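Step one of this worksheet: look at the structure below.
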Amino acid sequence: MDTGSFVGGLVAGLAICIAVGLFVRFVFAPRNSAVAAAAAEHAVPLLEVKSDSALLQSQDEPSQATLLRLQHMFEVTGDKLSQISKHMMAEMKKGLASDECAMKMIPTHVVRRPKGDEVGSYLALDLGGSNFRVCEITLDGRGGTRSRQSKHVVTDDLKTGTGAALFDFFADQVKHFLMNDGQNEYSAEEIESRNYKLGFTFSFAVNQVSINKGYLLLWNKGFSADNCVGEDVVRLLSEAFRRKKLNIDVTALVNDTTGTLVSHAYGAPDTYIGVILGTGTNAAYVEKVENITKFKSSGTAKDMIINTEWGAFDDEMVVIPRTKYDHKVDRGTSHPKTYTFEKLISGMYLGEVVRYVLLDLVKTGEIFVAGGSASKTLKIQYAFETAYMSRIERDHSLDLSDVRTVLEDLMHIPSTTLADRRLTRAICEMVGKRSARLSAAAIAGVVTKMNKLDGCTVGIDGSLFELYPHFSNRMRDALHEILGFSADNIVLEQARDGSGQGAALIAALATSITE
Ligand code: BGC
């Protein structure tokens, strides 16, 4: 899409062609393979650049030395990707054998995927990262579903306040949702007299001991509500329902990755992996029970879905190169040194990495020199949102006018030059690309571990995969670098509303598909 619009631009005028050609020639000189690849992504033929090209650099272009230095820091080569993917397999095996590993590899107790003939209406509650949703899903018995939902922002006060206030907020929203179904209004008494079954999608690491019981291992993604860590979150939710006089049975506790896998498999039976690439990141996949050596099975099921919690992959920092900016981001979180893979990949943190790079370049006088300084806004933690990166990467105008809007109007940088904007765009591209490539390496590891290189579908949900420009293409390219031709057998597919539908399905089937 991006390439198409760019090519359209080329056709539109010779002037654009020359300007862009010069930009690519001088900014993305092919001395460095990743830089060359970045340029190739824009479908502009690379010209042989002579070693004195830096001398020809115009005022409108960022310093090539700066670009190459950063590129070197954020580049993940094909060889590195293969090492990462091998390390992922080794860590998965370790996590299946012991609870003491960083990557928790949690048995979900979901042992079968739905057949499509299930019927009935179920509630689902979805606490992901930034939002909380209440859904009612009706399964029609023919593989189809109808649903209605309400969506609410979880404020920072709720995220960091008391656990009781957080869970009361959920229960209140459920009650409002039930009292008005869009067509009819019901009294509180009517709602209180009914019984409902509910699947709870809780997208945090829990030690899941049965299908509807799980102890919160740690908060992440900006949450720190008190009295929750170490507690059974189903009990916390059920108690809030009781306080609000609601008669709701929480029949399933589901991670969003498990929900995504189950609901995507509902329509695409070849789905064996569910991935989230959004505010946080994680994957669930189908594992042979005999390989889950730490799990004492009481049933006869041969397979079980495992929630990998890959956000904590390589917390020992043995394989993935980190930059000083990644360490700064990590130190600024409420859970330093844990979930460090997630901090390189997910939407909660990517903008923060870019913000630290920009602040550093301000300090060294390599950016925003014309305006004299950074802005107060740029110094605020998390002020540079990952959504801005999407916007910046999508801007192909000659003067990068939308990049200007982000930097000057939203980040309040007093004034920017074209070179500043080009540099900012290149940084977003480096950070965004690294995220996509690391995600692909993790997926390659899981697929290889499952022995599914001959073909399988990966259902992927989350704003990065859905909305971030080039994300899926960059993943695909990286998969090819790691897996060669086998990458063609791996289908990366957008999954939608796995968290809602998947939780409802698992709630519906709690007795038949779980152990
Ligand atoms: C959580 C996972 C979740 C992922 C995606 C991570 O921060 O630990 O449980 O699946 O985010 O939402």
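The values are calculated or read from the model by the stated rules, or taken from the named source; none is laboratory data. Note that the coordinates shown come from a computational prediction; the quantities given were computed from them, not determined experimentally. Here the Cβ is made from the backbone with ideal geometry for all residues, glycine too, and neighbour counts use every protein chain on show.
If you filter region 146-157 down to residues that are touching a residue at least 24 places away in the same chain (Cβ under 8 Å) and under 20 Å from Gly347 (Cα atoms), you find that the one that is surrounded by the fewest Cβ atoms within 10 Å (Cβ to Cβ) is Asp156. Can you confirm whether region 356-372 contains a residue that is surrounded by 24 or more Cβ atoms within 10 Å (Cβ to Cβ), among the hydroxyl-bearing types (Ser, Thr, Tyr), in contact with a helix residue (DSSP H, G or I) (Cβ under 7 Å, 6 or more places away or on another chain) and assigned to a helix (DSSP H, G or I)? Scanning region 356-372 turns up no residue that is surrounded by 24 or more Cβ atoms within 10 Å (Cβ to Cβ), among the hydroxyl-bearing types (Ser, Thr, Tyr), in contact with a helix residue (DSSP H, G or I) (Cβ under 7 Å, 6 or more places away or on another chain) and assigned to a helix (DSSP H, G or I). Taking the listed residues Ser415, Ser435, Ser439, Ser390, the one that is among the hydroxyl-bearing types (Ser, Thr, Tyr) and either over 21 Å from the mean Cα position of the chain (by Cα) or in a strand (DSSP E or B) (or both) is Ser415, with no other qualifying.
Across region 324-341, not a single residue is classified as in contact (Cβ under 8 Å) with a residue 12 or more places away in the chain, closer than 19 Å to Ala65 by Cα and under 17 Å from the mean Cα position of the chain (by Cα).
When Gly182, Gly143, Gly230, Gly161 are checked against the criterion of being surrounded by fewer than 18 Cβ atoms within 10 Å (Cβ to Cβ), at pLDDT 95 or above and away from the ligand (no atom under 16 Å from the Cβ), a single residue qualifies: Gly161. Scanning region 472-515 for residues that are over 22 Å from Leu453 (Cα atoms) and surrounded by 19 or more Cβ atoms within 10 Å (Cβ to Cβ) yields a total of 16.
Looking at Thr279, Thr300, just one residue is of a type in the set (Val, Ile, Thr), more than 28 Å from Ser63 (Cβ to Cβ), modelled with pLDDT under 95 and more than 16 Å from the ligand (Cβ to nearest atom), and that residue is Thr300. For the structure I just gave you, tell me whether Gly459 is modelled with pLDDT of 95 or more and outside any helix (DSSP H, G or I). Yes. Taking every residue in region 101-130 that is free of Cβ contacts under 8 Å to residues at least 24 places away in the same chain and pairing it with any residue that is within 16 Å of the ligand (Cβ to nearest atom), at least 6 positions away or on another chain, the pairs with Cβ-Cβ distances below 6 Å are Cys101/Gly95. If I ask for residues that are closer than 21 Å to Lys221 by Cα, in contact with a Ser or Thr (Cβ under 6 Å, 6 or more places away or on another chain) and either assigned to a helix (DSSP H, G or I) or of a type in the set (Gly, Ala, Ser) (or both), which ones from region 277-310 would you list? Those that are closer than 21 Å to Lys221 by Cα, in contact with a Ser or Thr (Cβ under 6 Å, 6 or more places away or on another chain) and either assigned to a helix (DSSP H, G or I) or of a type in the set (Gly, Ala, Ser) (or both): Gly278, Gly280, Ala283, Ala284.
Kindly indicate the residue of region 197-227 that is away from the ligand (no atom under 11 Å from the Cβ), in contact with a Phe, Trp or Tyr (Cβ under 8 Å, 6 or more places away or on another chain) and of a type outside the set (S, T, N, Q) and also nearest to Gln501 (Cα to Cα) among those meeting that condition. Per the criteria, the residue is Gly199. Across region 321-345, which residue is farthest from the ligand (Cβ to nearest atom) among those that are under 24 Å from Ala284 (Cβ atoms) and aliphatic (A, V, I, L, M)? The residue in question is Leu344. Can you find even one residue in region 383-393 that is at pLDDT below 95 and away from the ligand (no atom under 16 Å from the Cβ)? Looking for residues that are at pLDDT below 95 and away from the ligand (no atom under 16 Å from the Cβ), one finds none in region 383-393, hence no. Of all residues in region 311-320, those that are within 16 Å of the ligand (Cβ to nearest atom), part of a loop (DSSP other than H, G, I, E, B) and not charged (D, E, K, R) total 1. Filtered by the rule that a residue be among the charged types (D, E, K, R) and either modelled with pLDDT of 50 or more or at positive phi (or both), region 52-67 gives Asp60, Glu61.
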